[in-house]
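Here's the structure we're looking at; comments come further down.
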Amino acid sequence: MFEKILIFAQVKATREAIAIALADTYSTICVQDEHTAIQEIKNNSDIRILLIDLENNDFVAENFIEIFNIHSTFRKIKIIVFGGANDQELIARCLEKGASDFVIKPLDAGALKILLSMHINQMSDTVLEDALEDTNVMFNRLFNDSPIGVAITRISKIGEDKLRTVIMNPTYAKIIGRKNERFSGLDWQEITHPDDVEISRKLYEKLERGEINSYTREKRYIRPDGSIVWVNVIVSAFASTNPHEFSFISFIQDITENRKINTDLAESERSKSVLLSHLPGLAYRCDYDRDWTMRFVSQGCKKLTGYDPEDLIDNKVISYNDLIAPESHYPIWQEWKRVLAKRLPFTYEYQIITKEGVRKWVLELGEGVFDDDGQVIALEGIIVDIDYLKQMEEKIRYNADFDEATKLHNRNYLERLLDTHIKQGRTTNKALFGINLNTIQALILARGYHYGMDLIHKIADELKAFTSENFQLFLTHENRFCFYIQKYENKEELIRFNQKITKVLEPILLMERISCGIGILEITNAHYESADQILKDTLVATERALLRGDEDSLISYTFFDQKMLDAIEREKTLKSELLALSTSADDSNLILHFQPVMDLKTDKVVSFEALVRFQSPTLGLIPPLEFIPLLEKTKLIIPIGEMILGRALRFLKKLEKNGFTGTISINVSAVQLLSQDFAFRAIQKIRDINVDPNKIWLEITESVFANNYQVINEVLGHVIDLGVHITIDDFGTGYSSLYRLLRLNTNGLKIDRAFIDGIELVDEHMAITQDIISLGKKLNYLIVAEGIENEKQLHYLKGYNCDYGQGYLFSRPLDEEHALEYFIKHS
């Protein structure tokens, strides 16, 4: 255990410096007044030495020592005072009043440790004197057990010869690497590092001639194994009445580790210097004034501002404030004022004007430097060049608001614009004019993605001719455009605008034989709380226009009207009923049908896909395309999805009792995957029903990877680890790149029916369905084709080795009873 030292100093920096210096050898307690000192002594009976700093403490220290020695309980503690060269009279008075020793500043950490050790050992000697009368035993113990190396050297002159006798304690022998305690005729120059020999020799000669009584220095010894040890050595001569004898005592302490620390510190300082030299900006220390008067500026100043560091020091050529763009002068001053009042770090982006007159964006990170009274004495920090980052930020902002290919504003920008106008409550006539070209997907299937995108660009160029201040054009989706129209007169003006657009688009669409739906939403006549709802209703109108079609034209249009409002009410009713279902123990309103999945090589049933309908108490049978999106939006898909999973697994158990050895497929949404503990809850349900996880396939639509790719893919990995299989549903219609596909945690791909429909009408070598199958095979995925409706499609898929298939050619989705019959019939 370390000996305890009490440090009594009013200056905080002094207390901390001494505590740090002694930390590796002693346990220290720091106080700044006499009352706290006495309290600590009462609380810590094992305090050995009291160090008193006389700086700013002369009267208190002198009186404290006098009072301190009155109490018998305190007399076992030695007092050592330390002060400057001008404090000698005060030191003398303190010694008279009971102080044991003194030290003159500046303090040397090594010497102080040795002094403390000596006093502590001396105190131990006193204890030994009380216990032992044999002073030789006491001396030997002190000598041999000392944590500091001690050596006594006696040189006797006999004629022209000198007889050297050396006695050293075990610590000394250990430090210099010698095992014997006695050395006669030891030549210290032989074990001293060559670089230290000359200085040591000169100091020794002065000591021998009596020019000095002692000396202290750091030097190196070479051990027998060739290793080097750094020591702090104190050498002091003995007074002798024999003119033919010279004796001295040496104290050494191993400081090799401290030297290493100091070397590491120097290396750290060097590294900081290198860091500053490579900093893309400058480091500074300045006054807290309006000019930001610089006291230190790093070399990066030249590259950042065009000025040499010396130009800014003391505002020699220019003040830093003059470099700051004028519009930022006041805001920067106010921000510094705010953060300094709360002692917070300063972070601010602004522009400076370089010596060449160029504006440049910088980021300043700084903090205040305070004195003991809490007054700001300086500011320190770094100023970094972020001009390139700002340019990138602008580019990112542009990419976030614009479609790169068409140079049109995108949906994000339109949403913000609409939300702003909603908040402003503008009363002028406003409408959205949506143009839906989703049918271009069929063209992409036949002629390729780039062909379809070239057509979109061509249409965009034609539509740009109709833009103006009140007719803004946006690309809200890959194949959907939208005009935001403001300050139009009436509905007839919108119809006339539609006629103009139709006249331009019709020849293009006619050539490609694709249709277009235009939906018009008059925002003024309806109350909307969000842009998302406006765009949703516009999309509904365009989809209705596409479904309705026009016998005389490939382009049809419709206004968002009461029927569509009725559809919205229908949605509200459906939401309410689905909410009731999610909390009900009765799931009979969930109608599960099962579509057989066939092995295209054996023509046998190998799986069933669970497909769900909802029997609404008020609206009748609801298809999944209508209610599943509502479940996802309201997150009711989580509890209802577990109901569907349970029903599907129980049907699988029924099939297995009738000899079925295949699997069951259940569709899972992104909302379920992102819900907390999805994998755990799913596997718990599987175990509760006692189903083999390997018999289960979860189908994930490709579009779920558009967002939260990493998170979802990680969840899928956990699910696969549990034994459940994953397949990507509707593959080819989503957002997966080849790069992502290679890293997807999946076991199979289900080719979307969009790649099956019409495949018999085109040259089979032109269709890309074969490429999807080939790609999946190379990735060792199970390939399933859905939407098979005729023998030609089946023949094509078999020809390219597609594994499984499903569709109306085999069977429609069946209820449990008929699905079981179908399996038995085809087993």
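The values are calculated or read from the model by the stated rules, or taken from the named source; none is laboratory data. This structure is a prediction, so every number in the text was calculated from the model and none was measured. For neighbour counting, all protein chains shown are included, and Cβ atoms are generated from backbone atoms with ideal geometry for every residue, glycine included. For accessibility, only protein heavy atoms count, side chains too; no ligands or nucleic acids. Shrake-Rupley method; radii C 1.70, N 1.55, O 1.52, S 1.80 Å.
Here are the numbers for this structure:
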| read-out | value |
| --- | --- |
| Dipole magnitude of the range 424-572 about its Cα centre (Cβ charges: Lys, Arg +1; Asp, Glu -1), debye to nearest 20 | 140 |
| Residues of type lysines that Lys206 reaches as a straight line, Cα spacing below 29 Å, ignoring anything fewer than 8 places off in the same chain | Lys105, Lys113, Lys157, Lys162, Lys174, Lys219 |
| Sorted peptide list for 680-686, 466-472, 301-307, criterion being average Cβ within 10 angstrom, highest first | 301-307, 680-686, 466-472 |
| Amide N proximity, the range 425-461 versus Asn470 label position 7 Å along Cα-to-Cβ, cut-off under 12 Å | 428-431 |
| Two-site FRET efficiency, Arg343 against Asn708, from Cβ-Cβ distance with R₀ of 35 Å, rounded to 0.05 | 0.30 |
| Vicinal HN-Hα couplings computed from phi for the range 505-512 (Karplus, 6.51 cos²θ - 1.76 cosθ + 1.60; Hz; Gly/Pro x) | 7, 4, x, 5, 6, 5, 5, 8 |
| Backbone HN-Hα couplings from phi across the range 321-338 [Karplus 6.51/-1.76/1.60, Hz, Gly and Pro as x] | 4, 6, 7, 6, 4, x, 5, 9, 4, 5, x, 5, 4, 5, 5, 4, 4, 5 |
| Gained length - Lys792 relative to Asp603, 0.36 nm times residue gap less alpha-carbon distance | 66.5 nm |
| Theoretical FRET efficiency, 1/(1+(r/R0)^6), r = Cβ-Cβ of Ser214 and Gln189, R0 25 Å, to 0.05 | 0.80 |
| Built amide H within the under 5 Å cut-off of Ala378, gap 5+ | Val369 |
| Per-residue [θ]222 nm for the chain (sum of -39500 (n - 2.57) over DSSP H runs n ≥ 4, rounded to 500) | -13500 deg cm²/dmol |
| Simple Cβ-charge dipole of the chain, Lys/Arg +1 and Asp/Glu -1, about Cα centre, in debye nearest 20 | 960 |
| Share antiparallel - DSSP beta bridges, the chain, percent rounded to 5 | 65 |
| Simple Cβ-charge dipole of the range 586-741, Lys/Arg +1 and Asp/Glu -1, about Cα centre, in debye nearest 20 | 340 |
| Karplus-derived 3J(HN,Hα), 6.51/-1.76/1.60, for each residue of the range 18-26, Hz, glycine and proline x | 5, 4, 5, 5, 9, 4, 7, 10, 10 |
| Long-range HN-HN contacts of Ser607 with modeled amide H, under 5 Å | Val597, Thr663 |
| Linear extension gain, Arg812 paired with Ser553, 0.36 nm per residue minus alpha-carbon span | 89.8 nm |
| Label corresponding to percent of Cα pairs over 42 Å apart when calculated from the structure given, among (1) 34; (2) 29; (3) 63 | (3) |
| Rounded accessible area per residue of the range 421-503, 1.4 Å, Å² | 50 |
| FRET efficiency for Ile313 and Ile199, using Cβ-Cβ distance with R0 set to 35 Å, rounded to 0.05 | 0.35 |
| The range 612-641 residues near the modelled Lys536 label - backbone nitrogen below 15 Å, point 7 Å along Cα→Cβ | 626-637 |
| Relative contact order of the chain, pairs being alpha-carbon contacts under 8 Å that are 6 or more residues apart, as % | 5 |
| Amide H contacts of Val103 (H built 1.01 Å from N, under 5 Å, at least 5 apart or other chain) | Val81, Phe82, Gly83 |
| Theoretical gain in end-to-end length, Leu510 to Glu404 [0.36 nm per residue, Cα-Cα removed] | 35.5 nm |
| Cross-link table Lys76/Lys97; Lys390/Lys633; Lys395/Lys464; Lys695/Lys798, entries beyond 27 Å C-alpha to C-alpha | Lys390/Lys633 |
| Segments 393-403, 97-107 sorted - mean Cβ within 10 Å per residue, highest first | 97-107, 393-403 |
